[in-house]
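All remarks here apply to the structure that follows.
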Amino acid sequence: FTPIEYGTVGYSEDEALEVFGKDNVEIYHKFFTPLEWSLSESRSHHQAFTKVIVDKSNNKVLGIHFLGPNAGEVMQGYGTAMKKCITFKDLADTVGIHPTSAEEIVTLTVTKSSGADASAGGC
């Protein structure tokens, strides 16, 4: 048990880069404040994080990582999707597991390689 939940399925970023090579991997990521945290003054300054690792050659999702509330529930569905060889487009076309912050995974657009700010904006 941890003070903040962490869930992962598939390759870590380091493993994917080692196995597939830096030029063949894209990392989508985002820092965000979950709605349930934004309502609490003591938690509103904390950030959650999600990352999806993709094989550029076929758009296959290699790994999904989620640090935030309900991580176990969020990752359970994505574990099945990974076994079915989900692509990043499939992921983007999916409705996030509700009621969780899983929509942050299916709405990722910022990549590490872009150098853009991975902090999510508010409502």
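The values are calculated or read from the model by the stated rules, or taken from the named source; none is laboratory data. All values reported here derive from a predicted model rather than from experimental measurement. Glycine gets a Cβ as well: all are built from the backbone with ideal geometry, and neighbour counts include every protein chain shown. Note: areas computed on protein heavy atoms with side chains; ligands, DNA, RNA excluded. Shrake-Rupley method; radii C 1.70, N 1.55, O 1.52, S 1.80 Å.
Restricting attention to the stretch 105-121, does a residue exist that is in a helix (DSSP H, G or I), of a type in the set (Asp, Glu) and surrounded by fewer than 17 Cβ atoms within 10 Å (Cβ to Cβ)?
Among the residues of the stretch 105-121, not one is in a helix (DSSP H, G or I), of a type in the set (Asp, Glu) and surrounded by fewer than 17 Cβ atoms within 10 Å (Cβ to Cβ), which makes the answer no.
Pick out the one residue from Ser12, Ser38 that is over 16 Å from Thr111 (Cα atoms) and either in contact with a Gly (Cβ under 8 Å, 6 or more places away or on another chain) or of a type in the set (A, V, I, L, M) (or both).
Ser38
Would you mind finding the one in Leu35, Leu62 that is farther than 17 Å from Tyr11 by Cα and out of contact with any Lys or Arg (no Cβ under 7 Å at 6 or more places or on another chain)?
Leu35
In the stretch 43-61, which residues are within 23 Å of Thr87 (Cα to Cα) and either of a type in the set (Gly, Ala, Ser) or open to solvent by 10 Å² or more (accessible area, probe 1.4 Å) (or both)?
Phe49, Lys51, Asp55, Lys56, Ser57, Asn58, Asn59, Lys60
Please name all residue pairs, on different chains or six or more residues apart, with Cβ atoms under 7 Å, provided the first residue is in the stretch 76-97 and is open to solvent by 50 Å² or more (accessible area, probe 1.4 Å) and the second residue is not in a helix (DSSP H, G or I).
Qualifying pairs under 7 Å: Cys85/Lys60; Lys89/Asn59.
Could you please find all residues in the stretch 1-14 being more than 13 Å from the chain's Cα centre (by Cα), β-branched (Val, Ile, Thr) and open to solvent by 60 Å² or more (accessible area, probe 1.4 Å)?
The one that is more than 13 Å from the chain's Cα centre (by Cα), β-branched (Val, Ile, Thr) and open to solvent by 60 Å² or more (accessible area, probe 1.4 Å): Thr2.
Need the failing condition index for Phe66 against (1) open to solvent by 50 Å² or more (accessible area, probe 1.4 Å); (2) modelled with pLDDT of 90 or more, just the number.
That leaves (1) as the condition not met.
Conditions (1) buried (at least 16 other Cβ atoms within 10 Å of the Cβ); (2) out of contact with any helix residue (DSSP H, G or I) (no Cβ under 6 Å at 6 or more places or on another chain), marked per residue:
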{"site": "Ala16", "(1), (2)": "yes, yes"}
{"site": "Asn24", "(1), (2)": "no, yes"}
{"site": "Tyr28", "(1), (2)": "yes, yes"}
{"site": "Phe32", "(1), (2)": "yes, no"}
{"site": "Glu41", "(1), (2)": "no, yes"}
